[in-house]
Amino acid sequence: APPQASFLELELDARIVDEVVHKRPGAAARLWDRFSPQVRRIIRRSMAVDDVEDLVQEVFLRVFHRLHRLREPQALRSFILTVASSVIASEMRRRRVRRFLWLTRDGELPEPATAPLDHDAREALMRLYDVLHRSSHEERMSFVLKHMEGLELADVAQTLGLSIATVKRRLQKINQRLTRAVSDDPALMTALGISLPQGDASR
């Protein structure tokens, strides 16, 4: 898991907020460069889509539009992740109406933006999406932020606007569901490079 944000990182975030709000030259680009990789990764891990960049841009359009309302500039990262979670939820609702939760328009999984997956890894990815998309938004985002992004429970709770106890319950539910899904399928976790905690999955 990544270390907690240092004092210098928090100060940098606060400075970026001030620069963007006051329209300093290059400030928007600095915010984008600092946070877009994580936003892109979270979107890609949360849902199978072929328009990741469109969603990333939607996240930052909302961020720039609302940034002046941010009362604690040092909470910039949490603010951006909260916006990303909202965009993902909206997109999932839109796709649920069409009943194509993890398929692209032609019925195939989108090609990953990174190195191509082999057949086993691709099948594993499909099974992971199947479990994630049958979970609630809170369960799905709790799992992605905690187990894939390595956020602390308190940060996950703040991002999703939940209590730590609620996040633990959501994680327990989806971890149990995933554990059942991979009990006879070790290739799933291996191919995706993630692991589920043993015992109490909410710690």
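Every read-out reported here was derived from the displayed coordinates using simple, explicitly stated rules and does not represent laboratory data. Quick caveat, the model's predicted, so the values are computed rather than measured. Ideal geometry is used to build each Cβ from the backbone, glycine not excepted, and the neighbour counts take in all protein chains shown.
Note on SER36 and THR166: the extension gain reaches 44.0 nm, defined as 0.36 nm multiplied by sequence separation minus the Cα-Cα distance.
Placing +1 on each Lys and Arg Cβ and -1 on each Asp and Glu Cβ, with no other charges, gives the stretch 2-60 a dipole about its Cα centre of roughly 140 debye. With the highest mean first, a sort of the peptides 36-42, 161-167 on other beta-carbon atoms found within 10 angstrom per residue produces 36-42, 161-167. Along the stretch 68-79 the Karplus relation, 6.51 cos²θ - 1.76 cosθ + 1.60 evaluated at θ = phi - 60°, assigns HN-Hα couplings of 5, 8, 5, 7, 10, x, 5, 8, 4, 4, 4, 4 Hz to successive residues, with x for each Gly and Pro. Distance between the pseudo-spin-label points of GLU19 and HIS133 (7 Å out from Cα toward the beta carbon): 3.9 nm. Using θ = phi - 60° in the Karplus curve 6.51 cos²θ - 1.76 cosθ + 1.60, the 3J(HN,Hα) couplings for the stretch 23-31 round to 6, 6, x, x, 5, 4, 5, 5, 5 Hz; x is entered for Gly and Pro. Converting phi to 3J(HN,Hα) with the Karplus coefficients 6.51, -1.76 and 1.60 and the offset θ = phi - 60°, the stretch 50-63 yields 9, 10, 4, 5, 4, 6, 4, 5, 4, 4, 6, 4, 5, 4 Hz in sequence order, with x at every glycine or proline.
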